[in-house]
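Just so it is clear, none of the values below were taken in a lab; they were calculated from the coordinates. Not measured: the values here are computed from a predicted model. Quick reminder, even Gly has a Cβ in these numbers, built from the backbone with ideal geometry, and neighbours come from all protein chains shown.
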Amino acid sequence: MSDILHRHISKSPNDLHLLCSWIAEQPAGQIWCCTGPVGAGKTSMVKQFIRQYGVNPEVSSPTYSLWHQYPMKNGSICHHLDLYRLQSLEEFIELDIFESLEEEDVCFIEWPELIETYLEEEMIPFSIIQIEEGQSQREFRILKGITV
């Protein structure tokens, strides 16, 4: 699972629009698993995506609520999940999130480590956005996960 599909170097949150444009060009129905340390830019990237393609540019982190949904200009929904506070896979399954996803929706999951095995076992297509911090920039690597 190490095929790099796309790489983006960001020197500030202001240039994330290029990465978000690339993500928007990908086939509908994608699940994007965002990994990286605290403060790496996971939420900033999702906020930029929603600002560019959402109906309402007001975006907040779902750290405590776990899941936010945003209507998009094309009529789909952007699901933004932050699983940092989840304790078990069972907690995630009880949320029944994947039952709510439509084919054309896009889904960003921060802190997906708890559910990656579940995604693979259930054959749910996903890609990984890996973020590594440098001194003055961040590198976003999009890795091919699994496809159906």
Exercise. Once both labels are modelled 7 Å past Cα along the beta-carbon direction, what's the Ser21-Thr63 spacing in nm?
Worked result: 3.1
For this session: Show me 8-15, 109-116 ranked by packing, highest mean number of other Cβ atoms within 10 Å first.
Result: 109-116, 8-15
Exercise. In debye to the nearest 20, how big a dipole does segment 4-146 give about its Cα centre with +1 on each Lys and Arg Cβ and -1 on each Asp and Glu Cβ?
Worked result: 900
Exercise. Could you give the Stokes-Einstein D for segment 13-99 in µm² per second, using the C-alpha Kirkwood radius, 20 °C, 1.002 mPa s?
Worked result: 154
Exercise. Between segment 1-76 and segment 92-142, what's the alpha-carbon centroid distance in Å?
Worked result: 11
Exercise. Just for the chain, what percent of DSSP beta bridges are antiparallel, to the closest 5?
Worked result: 60
Exercise. Counting each DSSP H run of 4 or more residues in the chain as -39500 (n - 2.57), what helix-only mean residue ellipticity at 222 nm follows after dividing by all residues, to the nearest 500 deg cm²/dmol?
Worked result: -6500 deg cm²/dmol
For this session: Based solely on C-alpha atoms, express the radius of gyration and the Dmax of the chain in angstrom.
Result: 14.3, 41
Problem set entry | Spread of Cα-to-Cα distances over 5 Å intervals beginning at zero, given as percent, for segment 48-112 | 4, 17, 29, 24, 16, 8, 3
For this session: Can you find, among Ile109, Ser61, Ser44, the residue farthest towards the positive end of the dipole of the chain? Put +1 on the C-beta of Lys and Arg, -1 on that of Asp and Glu.
Result: Ser44
